[in-house]
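The values are calculated or read from the model by the stated rules, or taken from the named source; none is laboratory data. As the structure is a computational prediction, the values presented were derived from the model and not from experiment. Here the Cβ is made from the backbone with ideal geometry for all residues, glycine too, and neighbour counts use every protein chain on show. Each accessible area value is taken on the protein alone, full model and side chains, heavy atoms only, with ligands, DNA and RNA left out. Shrake-Rupley method; radii C 1.70, N 1.55, O 1.52, S 1.80 Å.
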Amino acid sequence: MSLLPVSQVLDELLAALRSAPQVLLHAPTGAGKSTWLPLQILRQANLPGRIIMLEPRRLAAKNVAYRLAQQLGEEPGQTVGYRMRAESKSGPATRLEVVTEGILTRMLQQDAELQGVSLVILDEFHERSLQADLALALLLDVQQGLRDDLKLLIMSATLDNARLSQLLPAAPVVVSQGRSFPVARHYQPLASHQRLEDGVASAVKRLLAEQPGSLLLFLPGVAEIFAGDGAAAGRGRRRCRPVSAVRRTAAGAAAAGDSAGRRRTAQSGAGDQYC
């Protein structure tokens, strides 16, 4: 059994999916609802058709698909695929497809019955948007008029259960506990003569020497990221790469050690540069 918090409610969730057409899942960030739960549903729910999972952002959709495929020892396009505007990696063997909002809306317009689909998962539903609300409304219409066998799972970190329960009064609500870690705050002001990039490089070097693990660094924008990167490189740190160069890394993995156990420093700002 996985140590992820959402694993504790897996049996309850599977039972709810078997008994109800719509299910609400409240699982805080880090519970494993996006990168672990879909594979367990695929393996254990005995669904005859495909699973479509909606992710509201392109980068999240791609990262989630890569992470799910990685757990199967595959590349996207096999058991797990993804589809977004101008980019797709899916094939005949794909059982779980991660799509963006516009793609799901287009799928419903082209095939109102969603033939071959057994379950639609709406992830991160708290990021309410017109497209997500439209998708939910269309899916409910499909269930009521065309596909009473279609299942719908709505999950989010901060699900507004009160309003959704009014819309879906018969839907079971499954709640997963999250996990938190202690955070210590330390403030170190820059010296009057010190430039930001030099202060950043000095702090990164000191923290990596004092603390185990890896480091996630937030900076205001692209200019600060490149300036800090250059200063860090002068102190022996390796240089950063644009996020597009590491897009196969699952969301958040840029801040973790790599497969060889080496430490990583991730810099994040307006330009989303990671090293």
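Note that the stretch 5-175 presents 44 Å² accessible area per residue, ligands and nucleic acids not counted, probe 1.4 Å. In terms of packing, defined here as the mean over residues of other Cβ atoms within 10 angstrom, the peptides 112-123, 128-139 line up highest first as 112-123, 128-139.
When the surface is traced with a 1.4 Å probe over the full set of protein chains, Lys151 keeps roughly 40 Å² accessible. If the segment from Arg85 to Ala15 were pulled out straight at 0.36 nm per residue, it would be longer than the present Cα-Cα gap by 21.7 nm.
A straight line joining the Cα centroids of the stretch 130-186 and the stretch 81-116 runs 20 Å. Straight Cα distances below 25 angstrom link Lys89 to the lysines Lys33, Lys62, Lys151, with same-chain residues fewer than 8 positions distant left out.
The residues neighbouring Leu190, those whose beta-carbon lies less than 12 Å from its own, together hold a net charge of -1 under the Lys/Arg +1, Asp/Glu -1 convention.
Extending 7 Å from Cα along the Cβ direction at Ala112 and again at Arg206 yields two label points whose distance is 6.6 nm. Carbon-plus-sulfur fraction of the accessible area of the stretch 5-175, 1.4 Å probe, in percent? Exposed carbon and sulfur together represent 49 percent of the surface.
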